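Report on the structure given below.
Read the figures in this text as sums done on the coordinates, not as results from a lab. In this text, all values refer to a predicted model and were calculated from it rather than measured experimentally. Cβ sites come from the backbone with ideal geometry, for glycine too, and all protein chains shown count toward neighbours.
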Amino acid sequence: MNISIDELSRLLDSAENENIEFKAARTEYSNEKATKYCVALANEGGGRLILGVTDKLPRSIVGTKAFPNLSKLKAHISQHLPFRIDTQELMTD
C-alpha cells in the first residue's frame with residue numbers, strides 16, 4: 001500500500017474522510033494518538049494516516065520529526081492492535 005509523491009500530491013486536494021487523515025505532527029505526535037487513528041481507520045475498512053501534512057485546506061507538506069524511528073512506532077502499534085499496519089516514509093523537497 002505504498003504511496004508515491006505524485007499520489008500524495010493528488011491527495012493534498014482531497015477532503016479528509018473516514019479513510020484518510022492528515023496531521024501536521026511537525027515535531028511530536030504520541031504513539032497513543034497514532035494507535036487510536038489506526039483503530040479508527042481499521043474500523044472503517046482501512047485507510048491512511050498521513051503525518052507531515054497540514055490538515056486544513058489548502059494543505060501543504062510541512063514534514064515531520066515526530067517519529068525518527070518508524071520501526072519503533074510500528075512495533076508499539078503492533079503490540080496494541082491485532083492487525084498488521086504498513087508504514088512508509090517519503091522524502092521530498
Candidates 27, 64, 54, ranked by Gaussian network fluctuation over the chain, Cα under 10 Å, top entry: 27
Excluding exposed DSSP-loop GluC sites (Glu not before Pro) (at most 12 other C-beta within 10 Å), longest clean stretch of the chain: 45-88
Distance in nm between pseudo-label sites at residue 81 and residue 12 (7 Å out along the Cβ direction from Cα): 2.6
Karplus (6.51, -1.76, 1.60) ³J(HN,Hα), θ = phi - 60°, over the stretch 78-89, in Hz, Gly and Pro reported as x: 4, 5, 9, 10, x, 9, 7, 10, 9, 10, 8, 10
Equivalent ellipsoid, the chain (semi-axes from 5 times Cα gyration tensor eigenvalues, Å): 20, 16, 12
C-alpha center-to-center spacing [the stretch 29-61, the stretch 7-23] in angstrom: 9
Förster-model FRET efficiency, 41 Å R0, residue 92 and residue 36, C-beta, rounded to 0.05: 0.95
Contour excess over end-to-end distance, with Cα ends at residue 56 and residue 71 and 0.36 nm allotted per residue: 2.6 nm
Mean separation of Cα contacts under 8 Å, 6 or more apart, over the residue count of the chain: relative contact order %: 33
In sequence order, calculated HN-Hα J values of the stretch 36-50 (Karplus, 6.51, -1.76, 1.60; Hz; x Gly/Pro): 4, 5, 4, 4, 4, 5, 5, 5, 9, x, x, x, 9, 10, 10
Other-chain or far-sequence residues with amide H under 5 Å of residue 50's (modelled H): 21, 22, 23
